[in-house]
Structures are given as C-alpha cells and as structure tokens.
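What follows draws every value from the coordinates through simple rules; no lab data is involved. These numbers come from a predicted model, not from an experiment. Cβ placement follows ideal geometry from the backbone for every residue including glycine, while neighbour counts extend to all protein chains displayed.
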Amino acid sequence: MNTDVRMEQRPVQVAYRKAGFLAVLGKNLAGAFRFLKNDPFSMTGAVIYLFFILIALFAPLLAPYDPHEMIKHNGKLAFNQPPSAEHWLGTTNMGRDIFSQLVYGAKPAMMVGLTAAFFVVVVGTLVGLFAGYYKGRVDGVLMRVTDIAFGIPFEPFVIVLVAFLGPSVWNIVLAMGLLLWRDTARVIRSQVLTVRERSFVEAAKISGASDLRILFVQVAPNILPLSFLYGSLAMGWAILTEAAVSFLGFGDPAMMSWGFMLNDAYASQALSREAYWWIIPPGIFIMLTVMAGFYIGRGSEEILYPRLKNQ
Amino acid sequence: MAENPIIEVRGLSKHFEARQHLFRKSSTGAGVLKAVDDVSFRIPKGHSLGIAGESGCGKTTTAKMLLKLYEPTSGSFLFNGKDITHLRAKEELKQFRKQAQLMFQNPFEALNPRFTIFRSLLEPLIVHDIGTKEERAAFIKQALEQVNLIPAENFFEKYPHQMSGGQLQRVVLARALIVDPIFLVADEPVSMLDVSVRAGVLNLMKTLTERLQLTTVYISHDLSLISYMCEQTAIMYLGKVVEIGDTMSVLQKPKHPYTQALLAAVPSPDPDEEPEEVLIKNHVPSPINMPNGCHFQDRCPYTEAICREKTPELRQAETGQIVACHMVTPFFDRKAEREEHVI
Ligand SMILES: Nc1ncnc2c1ncn2[C@@H]1O[C@H](COP(=O)(O)OP(=O)(O)O)[C@@H](O)[C@H]1O
Ligand code: SF4
Ligand SMILES: [Mg+2]
C-alpha cells in the first residue's frame, strides 16, 4: 500500500526530535527580544536592567573607592561630607564614599533579582503547566501547595528564614524562591486551562503527540511570554524585598546593597542632617529597578497576542 | 462486501454524567446524558458517510469516538477490520493516530498561533519520525501544493493570524494529509468559513479524498453539503441514528418524520416554490434522562401510543434506507398518506 512505501523512504531521525523543545524555547527568546525592540516601554525596562547589570559587572572599575573604606584626608576621617568633586555623593558618617556604595549596590540587587526571577519562571511555569494540563489529582495537589505558599506572608517569611539561616544574600534569594513562584503558578495554570481547550491541542493529540510533548511543544510557547512577564515583575519585587529586608537590618553586612545604605543612613540620622545625597540616590535606583520590571510587563498583551502588533 | 469496511461501529454509545448543579436534579441522583446512544454503521474503503442533525445531537461526540479521543461507554469500534474499542497500547494507538485524521470546524483555532505554517506541518512528521530534515521540507512543500497553496514557500514562514480562513482550512487539510491517513473526519469543515470560499474548500476535499481513496465522514447540519459530498447519509436525533442509507434515498425519499422535517426546513433555491410546511414543533428536548420510546415523540406530528412505549428499531424501508420509526414500514408510507389528507 501507498502508506508503507512512503514509510520506507523516510528514515527515522530521533536526534532531530529531541531538539524540538530547545528549538521552540530558543525561538521564543528570540521572539521576546524582537518584541522588546518594538515596544518603547519594554525597551526602556530592558535598558534599565541592562544598565544595572553592566554596573554590577564593572563595579570595581567604576567605583573610585572601596565602599567599605573609611576615607581619611590628611589623617582626618572625612565623614558626613556633602557632594564634592572628590566624593560625588559625599561621604557617610563613617567616612565612606557614597557614590562607590551606590555602584557596588547594583551587584546584590541584580543577583537577587535575576535568581529570584529564574526561580519564579522555572518553578511557577512548571507548576502551572502541569496543574493546568493534567487537571484532576495533579492539579489538586499542586494547587494545594500553591495555596499554602499564598498563606505565608512574604516579608515576615523572608525575615524569619534569614534570621534562622543567617543574613546571607543567598538566603534572601532562597526565601524568595520558596514563595514568589506562587503568583506565576496560578496565572500560568489558568492560562493553560484555556489554551488546552483550543483545537490545536486536540490536533496535536490526533497527530499522535504524547502528553508531555503537547505540554512542552504546543502549550508552553503560548504561555512562556507570560512567564517572562512574571519573571521580570518578580525581579523588581525581589530587589525591593532585598532592600526592605536590608533596611530593617536583616541584610547581608558583607554586601553593600541599596537597602543597606538606606538602613545605614537612617540609623545615623542622615535625614535630620538633611543629607539627601545619601538617601535619594539609592531610593531612586531601587525605584528604577522596580519600574523596569513593570515596564517590561506592560507589553505582555502583545507578546501573548502577536496578532495585535504584527499586522 | 468482500473487503472489510474501514470503519465499523456496533452499538456505539457515549454517556456523560450530567452535572447536578447544571441540570435539574433527578430522584435517581445525577442524570445521564446520552450524547450518543447505540449507533451502528459501516463505511467501506473509499466511501464517505455524512452525518447530519441539529446542534447537540451527538455528531461531534461520534466523531471523537471515531478518532479515539473519547472512549465509548459501550459498543465496539472496528478499524480496518480490527477491534480497537479499548486500544490502549501506546505504539498501536500512535499507529492509529497516523491513519485517522480530523479536519476541524474552526481553522482559526486549529493551528498553534505561535507556530509558523511550516512548523505546524513539521510537527506530525516529527511525532511519527517521518523523513530526514530535507525530505521533511519537501513533504511540507508537496502538502501545501496539494491543497493549492502555491507557491508553497510563500506560506512557510507565515503565522496563522496572517492568513485567511480559507487558506488556514487548506493548511489544516494539508496537515491531516501529510501523514498519509486512510480515514478522515471532517466536522463542519466549512461552517466557519466565508460563504465565498466554501465551495473551493469543499471541492478540494472532494478531489483529494477521491484521489487518495480516503474513507471519510462528513459532519454537517447542512444537508446540501452532505448530498454533494457523501454516498451514504445518517440522520441523527438526540444521540440516535434515526435514518441511514444511500444519500439519494435518504435525502430524496426521506422516511423518518424527522428527516422530512429537516429537509422541509432547507430553503428551496427556487423562490417561486411554496415553502413546505415545517413539521417540527417545540425545541430539541434535553438529552438527559430521556423518556421511554422514540426520542422524537414530543415533536413528531405522527406520534401514537406505541411511540411512547417502545423505542423504534432500525428497519429497512422499501426505498432501501434504514429507518427507526414505528410508523414506517415497507407497506405503510406515512408521508404519502398525509399528503392525501391535505388534498
Ligand atoms: N465532554 C462532555 N461532557 C458532557 N456533555 C457533553 C460533552 N460533550 C458533549 N456533551 C453533550 O453531548 C451532547 C452532544 O454534543 P455534540 O456531540 O457536541 O453535538 P453536535 O456536535 O451534534 O452539536 C450535547 O448535549 C452536549 O452538551
Ligand atoms: S416512532 Fe413515532 S414518534 Fe418516533 S418518529 Fe416515528 S411516528 Fe414519530
Ligand atoms: Mg459539533
């Protein structure tokens, strides 16, 4: 029969099939970048993140001083100095260069932000995908766990965990990784519930694809933009949390973070001395990173529904 | 028939548990929705069966059982002579999936919006390990040309939202045919398309299914489509086949009162012709907890006591088709009698 003849002409190529998922993922990332180029808001957000990532990477080159160094001029501690040519943003009450602290502060912010975003995207997406696609028991168990994660108040949880495990920036990241995926999981799940009912999923089934293949090849590309969106929101959220935790004094003393700077300024009564050059710059940097997350998120509609834009 | 039919179903049924909060609660607990109830037919190789009936009569559910998307509640399903009713083995099921394909109702939903056309057509080739990379590209080109999307390369990198409904439906057809199936189900294949492109898509399907000798099932509420596409026609009403036989007999000399009513509801192309009296009253009743007897009893103009007591069996009428109606016998043509009354 006709069928058999054609089967013989088509040798099996397993390797090609294995590459399928990575290819789809790569294509999606490429698509996300193409999208960034077209949306001014998302572009702004991405540029802000890129800016801070570069600062974090090149902090030792950019900062004129060691952020912990107590600077002396002519043997005298240069403390509480206003901005000058030598100290662009003045010095702290301990004679440390504020501009250098600000530059070094990008590193913990980006570390915390990127790892938290990674956790949120990976864990939240996987939980959401499986719960939404398999429904039933799988969904029940996964959503129960998500409910528990939702039941735990975020900031207190981070503080308690850091208090127990020690004030390391990685413990802050761990605490966020343990909780922040919950929003993503829920949103992805509900999106999957609608995507799985669309006939192209049935078409994939009819063409013989396995459940896992349908889940990762057909369904995932339709929700990945949403994961990236939640990842970028989580990045801003995580940076804000790290700042808050540090401000409250639970931060990593070895890491010069913006939250730590604010904590330091607050504790040394910089406000009453009206030393705004110490308070406002880290505040603005925190705000910028949070804003960047939201800016990237703004265009989510169009990543999700390409027909809105591409026509 | 010497050869085994490609499709044979015997007493096929699919019952759903009606959800209590949605439908009136019955004393026996949750109601049973008999979406498809005791349906039997066979389709020889290369033949085509049309299934018609109002919305909700179980056409799509039947199609899904024929494609093994639903497991039947009871009855059996023979594919190419082999009983696959309870087929579970992965490899065999996959083999079946390669041979039985579906043409979707809504082409805008049937293709992954994030895949290019090329990627959508590549997917079944990957799943079934068909061809090398270069061969696959050739197959995809060939498949698109087969459905008259020419030059095929122009469509490779297009996304579904960049194409029209008619073009998409051709892609859906190409995707179904690219794995060389022997059986094709088309569930309302043109009802979502613009009227101007329907004929083109239907003609294409007719030509291709004939050339490839596919066994097909066309599902439609449009009787003129079925009379154009199918040799055999089954009329369904509330989960049951009420009349089945050669399309010529069923649509030219309908025996079942429901078929007659459906045909009467089709507007005549001749504006001078008096519209026939519409027989059906009431609306389609809910298929949950159907009463005893004929499902059509509340809407039928000929209902008699026996119709409320006994479910009519399928019997051959003198015009050849098989009909489930107590009032139709080879010796008793109710329609003829009614016309005498009218005169
Ligand atoms: N998955 C399901 N669960 C419960 N009821 C269903 C399901 N699918 C279909 N039905 C019901 O079965 C009946 C037949 O539906 P369907 O086969 O889609 O009809 P058609 O395609 O002829 O319009 C309808 O009453 C419908 O509500
Ligand atoms: S069996 Fe009775 S109720 Fe049913 S269609 Fe025939 S005449 Fe009408
Ligand atoms: Mg239907």
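Cα-based Rg (one decimal) and Dmax (whole number) for the range A:172-274, in Å?
Values for the range A:172-274 (Cα only, Rg and Dmax): 21.5, 72 Å.
Provide the per-residue ³J(HN,Hα) series for the range B:137-147, in order, calculated from phi with Karplus coefficients 6.51, -1.76, 1.60 and θ = phi - 60°, each as a whole number of Hz, with x at glycine and proline positions.
My calculation for the range B:137-147 gives 4, 5, 4, 5, 4, 4, 5, 6, 5, 4, 9 Hz in order.
Using label points projected 7 Å from each Cα along Cα→Cβ, tell me how many nm separate B:GLU54 and B:LEU93, to one decimal.
In this crude spin-label approximation the distance works out to 3.6 nm.
What is the spin-label model distance, in nm, from A:ALA254 to B:GLU157 if the labels are put 7 Å beyond Cα along the C-beta direction?
Taking the two extended label points, one gets 5.1 nm.
Between the range B:200-223 and the range A:89-123, what is the C-alpha centre distance in whole Å?
Using only Cα atoms, the two centres lie 65 Å from each other.
Name the residue, out of B:LYS14, B:LYS253, B:LYS59, whose mean-square fluctuation peaks in a Gaussian network model built on chain B with Cα pairs under 10 Å.
It is B:LYS253.
Against the longest alpha carbon principal axis of chain B, how many degrees, from 0 to 90 and to the nearest 10, is the axis of helix B:195-211 turned?
On a 0 to 90 degree scale, this one is about 80.
Quick check: net charge around A:TYR104, other residues with Cβ under 15 Å of its Cβ, Lys/Arg +1 and Asp/Glu -1?
With Lys, Arg at +1 and Asp, Glu at -1, the net is -4.
Per-residue HN-Hα couplings for the range B:112-126, Karplus 6.51 cos²θ - 1.76 cosθ + 1.60 at θ = phi - 60°, whole Hz, x for Gly and Pro?
Values, residue by residue: 5, x, 9, 9, 6, 4, 4, 5, 4, 7, 6, 3, x, 5, 5 Hz.
Could you give me the percent of Cα pairs per 10 Å distance bin for the protein assembly as shown, shortest bin first, beginning at zero and ending with the bin that holds the maximum distance?
3, 13, 19, 18, 15, 12, 8, 6, 4, 2, 1, 0, 0
Say R0 is 45 Å: what FRET efficiency, to the nearest 0.05, do B:ALA265 and A:SER190 get from their beta-carbon distance?
0.65
Kindly give the semi-axes, whole Å and largest first, of the ellipsoid equivalent to the range A:44-310, taking each as the square root of 5 times a Cα gyration tensor eigenvalue.
Working: eigenvalues 389, 76, 33 Å².
Output for the range A:44-310: semi-axes of 44, 19, 13 Å.
Do you know the relative contact order of the range B:56-164, to the nearest whole percent, from alpha carbon pairs under 8 angstrom that are 6+ apart?
22 percent
Hey, with R₀ at 35 Å, roughly what FRET efficiency would A:LYS72 and A:MET287 work out to, going by the Cβ-Cβ distance, to 0.05?
On the way: r = 33 Å, r/R0 = 0.95.
Taking R0 as 35 Å, the efficiency between A:LYS72 and A:MET287 is 0.55.
Given Cβ point charges of +1 (Lys, Arg) and -1 (Asp, Glu) and nothing else, what value in debye, to the nearest 20, does the dipole of the protein assembly as shown about its Cα centre take?
The calculation lands at about 1440 debye.
Under 5 Å between amide hydrogens, which residues at least 5 positions from B:VAL32 or on another chain qualify, with H placed 1.01 Å from N in the peptide plane?
Here the answer is B:ALA18, B:ASN289, since their amide H atoms fall under 5 Å of that of B:VAL32.
Using each residue's phi in the range B:183-192, evaluate 6.51 cos²θ - 1.76 cosθ + 1.60 at θ = phi - 60° and report the 3J(HN,Hα) Karplus result to the nearest Hz, with x for Gly and Pro.
9, 10, 9, 10, 9, 6, x, 10, 5, 8
From the residues A:GLY283, A:SER207, A:ASN222, which one has its Cα farthest along the dipole of the range A:44-310 in the positive direction, the dipole being from +1 and -1 charges on Cβ of Lys/Arg and Asp/Glu about the Cα centre?
A:SER207
Under the rule of at least 5 residues apart or a separate chain, name every residue whose amide H is placed under 5 Å from the amide H of B:VAL185.
Correct list: B:GLN101, B:LEU102, B:MET103, B:VAL217.
For a 32 Å ceiling on Cα separation, which of these pairs sit above it: B:LYS98/B:LYS206; A:LYS205/B:LYS34; B:LYS64/B:LYS253; A:LYS37/B:LYS64; A:LYS72/A:LYS107? Before the final figure, lay out each step's value.
Details: B:LYS98/B:LYS206 21 Å; A:LYS205/B:LYS34 25 Å; B:LYS64/B:LYS253 30 Å; A:LYS37/B:LYS64 44 Å; A:LYS72/A:LYS107 26 Å.
Violating the 32 Å Cα-Cα cut-off are A:LYS37/B:LYS64.
Would you be so kind as to identify which of B:ILE288, A:MET110, B:GLN316 lies farthest towards the positive end of the dipole of the protein assembly as shown, taking Lys and Arg as +1 and Asp and Glu as -1 on Cβ and the Cα centre as origin?
So the residue furthest toward the plus end is A:MET110.
Within a 10 angstrom radius of each residue's Cβ in A:211-221, how many Cβ atoms of other chains show up on average? Whole number is fine.
2
Going by amide H atoms built from the backbone, whose H comes under 5 Å of the H on B:THR319, apart from near neighbours?
Amide H to amide H, under 5 Å and 5 or more residues apart or across chains, B:THR319 pairs with nothing.
Run the simple label-point estimate for B:ARG10 and B:GLU309 please: 7 Å along Cα→C-beta, distance reported in nm.
Spacing of the two 7 Å Cα→Cβ label points: 3.1 nm.
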